[in-house]
Each structure stands twice: as C-alpha cells, then as structure tokens.
1. Out of everything in region 173-211 that is touching a residue at least 12 places away in the same chain (Cβ under 8 Å), touching a strand residue (DSSP E or B) at 6+ places or on another chain (Cβ under 8 Å) and of a type in the set (S, T, N, Q), what residue ends up being surrounded by the most Cβ atoms within 10 Å (Cβ to Cβ)?
2. Can you tell me how many residues within region 52-79 are surrounded by 12 or more Cβ atoms within 10 Å (Cβ to Cβ) and part of a helix (DSSP H, G or I)?
3. I'd like to check which strands (runs of 3 or more DSSP E) are fully inside region 86-146 and have at least 1 residues that are of a type in the set (Ser, Thr, Tyr) and at pLDDT 95 or above.
4. Are there any pairs with C-beta distances below 6 angstrom linking a residue in region 54-75 that is farther than 16 Å from Leu8 by Cβ to a residue that is surrounded by 13 or more Cβ atoms within 10 Å (Cβ to Cβ) and of a type in the set (Ser, Thr, Tyr), with the two at least 6 apart or on different chains, and if so which?
5. Which ones in region 218-264 are within 19 Å of the chain's Cα centre (by Cα), in a loop (DSSP other than H, G, I, E, B) and farther than 15 Å from Trp327 by Cβ?
6. Give the number of residues within region 265-305 that are in a strand (DSSP E or B), open to solvent by 50 Å² or more (accessible area, probe 1.4 Å) and without any contact (Cβ under 8 Å) to a residue 24 or more places away in the chain.
7. Name every residue in region 98-151 that is under 23 Å from Leu201 (Cα atoms), open to solvent by 40 Å² or more (accessible area, probe 1.4 Å) and charged (D, E, K, R), in order of residue number.
8. Kindly provide the set of residues from region 29-44 that are within 30 Å of Ile119 (Cβ to Cβ) and either surrounded by fewer than 17 Cβ atoms within 10 Å (Cβ to Cβ) or free of Cβ contacts under 8 Å to residues at least 24 places away in the same chain (or both), ordered by number.
Amino acid sequence: MRIYKDHLILSGSTIKLALLQFNQLGQDAILFVVDAGDKLIGALTDGDVRRGLLKGFTIESFIDEIIQDNPRYIIKGENNLEKIIEYREGDFRIVPVVDENHCVVNVINFRKIRSYLPIDAVIMAGGRGQRLKPLTDTIPKPLLKVGNKAIMEHNLDRLALFGIDDFWISVKYLGEQIESHFGQGKEKNIKIEYVWEEKSLGTIGAVSQIKNFEHDYILVTNSDLLTNIDYEQFFLEFIKQGADLAVLTIPYQVSIPYAVLETSNGTVKSFKEKPTYTYYSNGGIYLMKKEMLKYIPKDTFFDAPDLMQELINNNLKVISFPFSGYWLDVGKHEDFEKAHIDIHNIKF
C-alpha cells in the first residue's frame, strides 16, 4: 500500500521535482503542497503543470506559481460522511485529511478504500483460543492463517478498507507475536497501538484502559471473525437511529417440526403448522458513542453483553443491526476448517 506522504510535496519545490513524483504515482498523480510542518497549502495535478508550461513557466519554476490554492480536504475526527460520499461519487478520488491545525495526516484514495469512517477500532485479541488447541499452543488464535493471511489480518484489512486508520489491539496470551506481526501499522498506512491485559478483562473490559481515542465513535470487534460486513452501512444505520450502541446480529432460524398451538387459559386461540422462528444472536461487533465508555468499569472483568445491559438499565438506546452477509466465528476446529473452504468463495 502506498504511504500517504508519497502525495506530499514541499512548498518551494520545482516543477521538475513534481513531475518526478507524478511519474512514481502513476494513475494516482496528484500532489498536495505543504509547508515544513505539513500544513496544507494547495494541490497540484499534471493538468496544472501542462497549463503552467503553456503559460511560459519552465520545469525549473517553483510549483507555488501554478498550484490550486483552495483544495478540498477532510478534517480528521469530524463526522463528515456526507462530504466523503459526495467526494467518492464525484470526481474527487484522492483527498487529503487534515487535523485541527490544517496539517495533512493522511491521504485517502477511493480507488483503494470504500469510505473514510470517523471511527476508532479496538480489536480484542487477548484470548487463549482454548477450543483450537493444539494449534494455539504456540501461536495465538488471531495469527492462525486462513488462506494467505492471519484471521485477524482479514478482520483488520476489512476495517481499513472503510477508511478506519486508528486501531488499538488488546493482547494478553502470546501478545508479543501479535505485536511483532502487525507492528505499528505503517505498512498498511494505519496506526496501531497495543493494550496489554495483565489479567483477563473479558470481551470489552480492556477498552476502559484506552484514554487517547481520536474520534467520537468507537468500534469494538472480536479478533477471530471472518465477515464481509459493510461498515459504512453499519455506521449510517447507527447514526440514523440515534443509537448509543449498536450490535451486529446474526439471524438464526429454528424450525419446529410440529404444529405450535397458541393458548390462553387452556383454550386454543390459533396454531401454526411447522413454523420457523428467526432469532438474532450476538455477532461480536459493537459500535458506540465514546461517552458510553464511562459505563465500562476500570480493571474489572467485563463482557460486552454486560455493557449492553448496563446501557439498557440506564435507558440508553441499544440497537440491533441484523446482518445477512457472510459471518463466521472461527472458534472451533470445524469453524477453522470451514473458513479455509469459504475464504476462496466469499465476495469481499
């Protein structure tokens, strides 16, 4: 993956230097002009260069004389998904992301990613993987390979595909291997920090240790899921419903092989012949407002269902996001074998 700084060029550079960078960028040829502190000044395309040369500038001229000085950009941390969708569906395929000081902190390319969601992602990867022994005796479950990469890497790459670039990974069992495998995320153009659990804190307890979230929305996911969820639709539904927390739910059908009677005081009111009932199970992916973190106790074993119940008890809005796409919890040997078959047929 291209590092975003490949799209940056320093103010005062020559047109010749810009042409060399364009040549390296190929079809992604657009540069964002910055000062020494990476503050955004303007944008430059090969079309700007052609027009400049026709006006009499030379390749030794400074780019500042031909740049677009009012480029479009996205502000990191803001919920500006409508603008992002507008850019994606228009002609603006490559857009800089700036911080509160107007300094470029990323460049998004809609040929490479599908969205740019204002979300921090926490991946829970501290479990022992007991049900997958002996495979997990020397390798942590998140690093077991499905296809050509680790289970958790499929998960992380799916999140990054939707523009999530701030990650925390909660680790405990053989966590050194996970940290060594993913590093700080530079190769994937993302940022990864690690949360070490000195004792088991459940499926969401470790999140209480994180103090420096970048965004107002937090996504927490298990590390051993294989799914093709559209995270943009998940986020849009969360916003549309004004939820405090949303949980991905997986439909589970139960077929009754007999007629089911509905009775009242012994009197039959109606019956259904061999009905099928649909229930929804917890899919292990949660999206919440950052202020919900105050309901997670510090340094205490706490599972995600505990958080949902606590929010419900406090009259906060917890919603279900029913999902009918591909989802697999790779928790048992038969699941692991199924994942190896499915990975070649899943439409991501």
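The values are calculated or read from the model by the stated rules, or taken from the named source; none is laboratory data. Keep in mind it's a predicted model, so treat the numbers as computed, not measured. Because the Cβ atoms are built from the backbone with ideal geometry, glycine has one as well, and the counts that use them run over all protein chains shown. What goes into the accessible areas is simple: the full protein's heavy atoms, side chains included, and nothing from ligands, DNA or RNA. Shrake-Rupley method; radii C 1.70, N 1.55, O 1.52, S 1.80 Å.
1. So the residue we want is Thr203.
2. Residues in region 52-79 being surrounded by 12 or more Cβ atoms within 10 Å (Cβ to Cβ) and part of a helix (DSSP H, G or I): 4 in total.
3. Where strands (runs of 3 or more DSSP E) fall fully within region 86-146, none carries at least 1 residues being of a type in the set (Ser, Thr, Tyr) and at pLDDT 95 or above.
4. Qualifying pairs under 6 Å: Glu60/Thr14.
5. Matches in region 218-264: Ala243, Asp244.
6. Looking only at that region, the number is 6.
7. Arg128, Arg131, Lys133, Asp137
8. Ala29, Asp35, Gly37, Lys39
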